[in-house]
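Peer 1: Just passing along the structure, written as structure tokens.
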Amino acid sequence: MTSREQILGDIRKALKRAAGQPPLLEVSPLSAPVLRVPRSDGSLSTDLFVQKFENLGGKCFRVRDTSAVVPAIAELFARKSAIASNSPFLRKCGITGLAQVHTGFTHREELKEACAAADIGITSADYALAATGTLVMLSSLDEPRLVSLLPPTHIAIFPRSRILANLDELLSILPRPADQTSSMVLITGPSRTADIEQILVRGVHGPGEIYAVIVDQE
């Protein structure tokens, strides 16, 4: 008799059970999860996202259209280097045409070195969740994770139409995220951690500053 058989035998004996006896309780299968998506218009969701995002220490800019993106954040680039993802929306906004913005990386090692040296990482966002002020990033060739995670400052630029009510609405759109991406990252505020003395420190495991630029009209 093996040690495992001995242990299981002792448990059966204590429970006054016999080997092969069916379980005392039949476990019914779990019911399907219920997703709750509140009904709200786009303006209310956008206002709620801005409120939640800034409560977490982020900063929001709302602009009329793609042509207003660069003027709205020009001061953030003063004397700083930046790296941008290969998102078509960033190109549409004129971000990739700026002299101080490096983009177009396709090799991981080159991208890693560029992200480590950059002051700012610029991405789009696949979705944003109003209820928690969260950015949803689906890793891809156009949106590699390093751009949003490695530089000390992260700027996410996305159209207002990408703002969803909550996580339930996201999962109703993407019930199986793994079918679409190898990694779905949810970014809720700047990176923060606390040591044993509960002293809050930002920027330890990711960007210490985060900005969201919401474009009303694509």
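The values are calculated or read from the model by the stated rules, or taken from the named source; none is laboratory data. Predicted, not measured: the structure shown is a model, and the values here were computed from it. Note that each Cβ is placed from the backbone with ideal geometry, even for glycine, and that neighbours are counted across all protein chains shown. Ligands, DNA and RNA are excluded from the accessible area calculation, which covers all protein heavy atoms including side chains. Shrake-Rupley method; radii C 1.70, N 1.55, O 1.52, S 1.80 Å.
Peer 1: Here is a list: 6, 51. Which entry is open to solvent by 40 Å² or more (accessible area, probe 1.4 Å), outside any loop (DSSP other than H, G, I, E, B), without any contact (Cβ under 8 Å) to a residue 24 or more places away in the chain and of a type in the set (S, T, N, Q)?
Peer 2: When all the criteria are applied, what remains is 6.
Peer 1: Could you check residue 99 against (1) over 23 Å from residue 163 (Cβ atoms); (2) hydrophobic (A, V, I, L, M, F, W, C); (3) assigned to a helix (DSSP H, G or I) and say which number it fails?
Peer 2: Unmet condition: (3).
Peer 1: Now for a different question. Go through (1) open to solvent by 100 Å² or more (accessible area, probe 1.4 Å); (2) modelled with pLDDT of 80 or more one by one and return the number of the condition residue 45 breaks.
Peer 2: (1)
Peer 1: Considering only the stretch 131-162, state which residues are more than 30 Å from residue 117 (Cβ to Cβ) and within 13 Å of the chain's Cα centre (by Cα).
Peer 2: 132
Peer 1: Now, a different point. Regarding the stretch 70-93, can at least one residue be identified that is part of a helix (DSSP H, G or I) and of a type in the set (S, T, N, Q)?
Peer 2: There is no residue in the stretch 70-93 that is part of a helix (DSSP H, G or I) and of a type in the set (S, T, N, Q).
Peer 1: Would you mind finding the one in 64, 36 that is under 23 Å from the mean Cα position of the chain (by Cα) and open to solvent by 50 Å² or more (accessible area, probe 1.4 Å)?
Peer 2: Going through 64, 36 in turn, just one is under 23 Å from the mean Cα position of the chain (by Cα) and open to solvent by 50 Å² or more (accessible area, probe 1.4 Å): 36.
Peer 1: Scan the stretch 115-135 for residues that are touching a Phe, Trp or Tyr at 6+ places or on another chain (Cβ under 6 Å) and either farther than 16 Å from residue 213 by Cβ or among the hydrophobic types (A, V, I, L, M, F, W, C) (or both) and jot them down.
Peer 2: 125, 128, 130
Peer 1: Go through the stretch 117-129 residue by residue and tally those that are within 21 Å of the chain's Cα centre (by Cα) and open to solvent by 50 Å² or more (accessible area, probe 1.4 Å).
Peer 2: 1
Peer 1: Here is a further query. Filter the stretch 146-162 for residues that are of a type outside the set (A, V, I, L, M, F, W, C) and crowded, with 21+ Cβ neighbours inside 10 Å and give the result.
Peer 2: 148, 151, 154
Peer 1: When the stretch 103-116 is examined, which residues are found to be open to solvent by 70 Å² or more (accessible area, probe 1.4 Å) and either over 17 Å from residue 207 (Cβ atoms) or among the small types (Gly, Ala, Ser) (or both)?
Peer 2: The answer is 106, 107, 108, 109, 110, 113, 116.
Peer 1: Now for a different question. How do the pairs read when you match residues in the stretch 58-75 that are closer than 23 Å to residue 133 by Cβ with residues anywhere that are hydroxyl-bearing (Ser, Thr, Tyr), using Cβ under 8 Å and keeping only pairs 6 or more apart or on different chains?
Peer 2: From the stretch 58-75, the pairs are 58/211; 59/211; 60/211; 61/211; 62/46; 73/211.
Peer 1: Tally the residues that are open to solvent by 20 Å² or more (accessible area, probe 1.4 Å) and either among the β-branched types (Val, Ile, Thr) or farther than 10 Å from residue 183 by Cα (or both), restricting the search to the stretch 130-142.
Peer 2: Of the residues in that region, 4 qualify.
Peer 1: Here's a follow-up. Scan the stretch 137-158 for residues that are part of a strand (DSSP E or B), out of contact with any Pro (no Cβ under 9 Å at 6 or more places or on another chain) and of a type in the set (A, V, I, L, M) and jot them down.
Peer 2: 137, 155, 156, 157
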